[in-house]
Amino acid sequence: RTTSGRMEVGGLVDWQHPSGVSLAYKPGASFDKKLSSISYYETSYSHEFDAGYRINLDHFVGATLLIQENELSAMQEWNWDIYDGTLRYRFDFLQGFYVQPLGRYRKGEGSDDTGSELGEFESDLWETALRVGYDKQKKVNAFANFSVVQVESDGDVIPYQVMAGYSDGRTYRFEFSLSVDLNDFLSMGCHYILRFGDAEENIFQKLSTEARAYF
């Protein structure tokens, strides 16, 4: 009754073969509690499977499957399951630059505590994205990512987390990130996000900057 916070537990089983094949399994659980007038409490259990193949030094293909079970108690009780799959390809060139196209499908289905058909919901998300970046170890990490996200839920009322914050319709999203290590002890970064489209009420922008010191 007097505490608030978030706890996460995770694991990793990883296997890599000299031929370039890699497999990974990541189980996880999170517990989030917020002290407020509505007594917010959320639990999540997840299983993530990742597979990849390094064709050569410049080409990589990979796939990720996330299965997640969620329970949320706030103004009402919600339960839902998420199935999220991603396919990606990465091409590295010019000693640090890379291009990465991506395709993603996410499905969420669940119900609230009413026990009626009106309390059941189902939603689908499709995403295509293209990321262009530059990564130089211990120096610079930068990327620009443009994605198109289409969500269909037939007007069902669903928790914010089910579709990762996206609403019915189409959203265009641009993201830019830059992180620079000035020396072994200090780094600085900035992050910018722009969202617009018929699924957005208006244009959304967010800019954040940070400085990190290491001792």
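The values are calculated or read from the model by the stated rules, or taken from the named source; none is laboratory data. Everything numeric here is computed off the predicted structure, so don't read it as measured data. Methodologically, a virtual Cβ is constructed for each residue, glycine included, from the backbone with ideal geometry; neighbour enumeration extends over all protein chains shown. Calculation scope for accessible area: heavy atoms of the full protein, side chains included, ligands and nucleic acids excluded. Shrake-Rupley method; radii C 1.70, N 1.55, O 1.52, S 1.80 Å.
Summary of computed values
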| read-out | value |
| --- | --- |
| Residue-normalised accessible area of the chain, expressed per residue, 1.4 Å probe, Å² | 64 |
| Carbon + sulfur, % of accessible area of segment 96-203 - ligands and nucleic acids excluded, 1.4 Å | 54 |
| Residues of type lysines that Lys107 reaches as a straight line, Cα spacing below 30 Å, ignoring anything fewer than 8 places off in the same chain | Lys26, Lys33, Lys34, Lys206 |
| Solvent exposure ordering (accessible area, 1.4 Å, most first) of Phe196, Phe215 | Phe215, Phe196 |
| For Lys136, solvent-accessible area (1.4 Å; no DNA, RNA or ligand), Å² | 100 |
| Spin-label pair Asp14/Tyr105, simplified geometry with 7 Å Cα→Cβ offset, distance in nm | 2.9 |
| Net +/- balance of residues flanking Gly189 in space, Cβ distance below 9 Å, scoring K and R +1, D and E -1 | 0 |
